[in-house]
Amino acid sequence: MKGIHKLGTVIAKILEVFHWVGTALMAAATVCSVIAPQWVGKFVAVDGKECCGASLEVYGFEINAPMTAGQVDGTHFLLFGIGATLILAVMAMVFRNLYRVLKLSEDATPFQKETVRLLRAIGVLVLAVPVIGFLMSIVVRLVTGAETAEIALDLGGVFMGIVVLILTRWFVRGAELENDVDGLL
């Protein structure tokens, strides 16, 4: 069991770092889309056709951005970049909290107040990802006036967030029982 725990800790940290790097790169690409739009291709590989546009997607937030002269439309990319940066930062926080939960429970019980707080934060953050995608899809539609963003709520993310919040309630009960037992000894 220790091997799986250690592996989970390492994977959580790696995924946290990758998401922070992705957040930084997406933020840089978003800023470049405004300041120097010709540099966007250096940050993001776009495999799109003039007729169909470029499909930009991150964690269920998807935009089919029109292309002109081999470049993604700047407004669409700017709005996608804002949403993608937010989503990647939230996911980095999810993996950061998961890493902290695993480190806290490495040599101790997982039924601690700090673990419960971190699990609750993970549940809220996981729920935030599809909500951010949904709201940004609406913003893209309102700003561009085109039906390039699919307005959809990723129910997989919603259900996962609910599952984590339910598990958090069980950890709260476990922490209460452990405190009761410690008080008896």
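A few points about this structure:
- Whole-number accessible area per residue in Å² for the chain, which is evaluated in the context of all protein chains at 1.4 Å: 58 Å²
- Apolar share of the accessible surface for the chain: 69 percent from carbon plus sulfur atoms, 1.4 Å probe.
- Short to long, the 10 Å bins of the Cα pair-distance histogram for the chain hold 10, 29, 28, 17, 11, 4, 1, 0 percent of all pairs.
- Proximal lysine pairs, the chain, alpha carbons under 28 Å, eight or more residues apart or interchain: 9
- Under-5 Å amide H pairs with Glu62, H placed in peptide plane, nonlocal only: Glu150
The values are calculated or read from the model by the stated rules, or taken from the named source; none is laboratory data. All of these numbers come straight from a predicted model, not from anything done at the bench. Accessible surface is based on the protein model in full, side chains and every heavy atom, while ligands, DNA and RNA are left aside. Shrake-Rupley method; radii C 1.70, N 1.55, O 1.52, S 1.80 Å.
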